[in-house]
Amino acid sequence: MNRSVFKVSLIATLVLALSGYTHSAMAYGIAGTTLDPAGNNASATDLAVASCPEGTHHFSAAVQDNSSPVDGLLVSVHIFKDTKMTTATDTVSGDGGWSDIISVDGGAGNYYVSVRKTKAGARAFTIGWDCRNANNISTGTNIQVLQLQ
């Protein structure tokens, strides 16, 4: 799996750079995969844990649906830490645009981040993420994939 994430990360970064895309997710770690490659699990969810170091104020993320458009098939990203959670959805299926950037202000420690979809069908996606200090400067992020469906 790790080789796949790094390969897709490199490709996604190059595609975004070549397209002139200036979304602030460019400063984040970027990786991608296909959620539910067989396309038959309507509740498929990918899950990772991001570890943010001391000096972190918040963890941010955004998601981009890279598949062909399908009515009603949307991809969302969720961040959860302690008693705080937030969600953003790429609201146009397969248009190449990003969701809003979401953040949870939880300081240093582990943040859980998940990506899920609204119904059956395979979805290729890219996710951008980063731990940030109070001045919105990256503090570095270690991320570990826990579940791929």
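Rule-based calculations on the coordinates, nothing more; no lab input. Remember, predicted model here, so these are calculated numbers, not experimental data. Don't worry about glycine lacking a Cβ; one is built from the backbone with ideal geometry, like all the others, and counts go over all protein chains shown.
Compute the signed sum of charges (Lys and Arg +1, Asp and Glu -1) over the other residues within less than 13 Å, Cβ to Cβ, of LEU35. Could the numbers behind the result be given before it?
Details: positive: ARG116, LYS117, LYS119, ARG123; negative: ASP36, ASP46, ASP65, ASP90.
That sum, taken over residues with Cβ under 13 Å, equals 0.
Would you mind calculating the gained length between ASP95 and GLN149 on full extension (0.36 nm times residue separation, minus the Cα-Cα distance), in nm to one decimal?
Extending this stretch completely gives an extra 17.2 nm.
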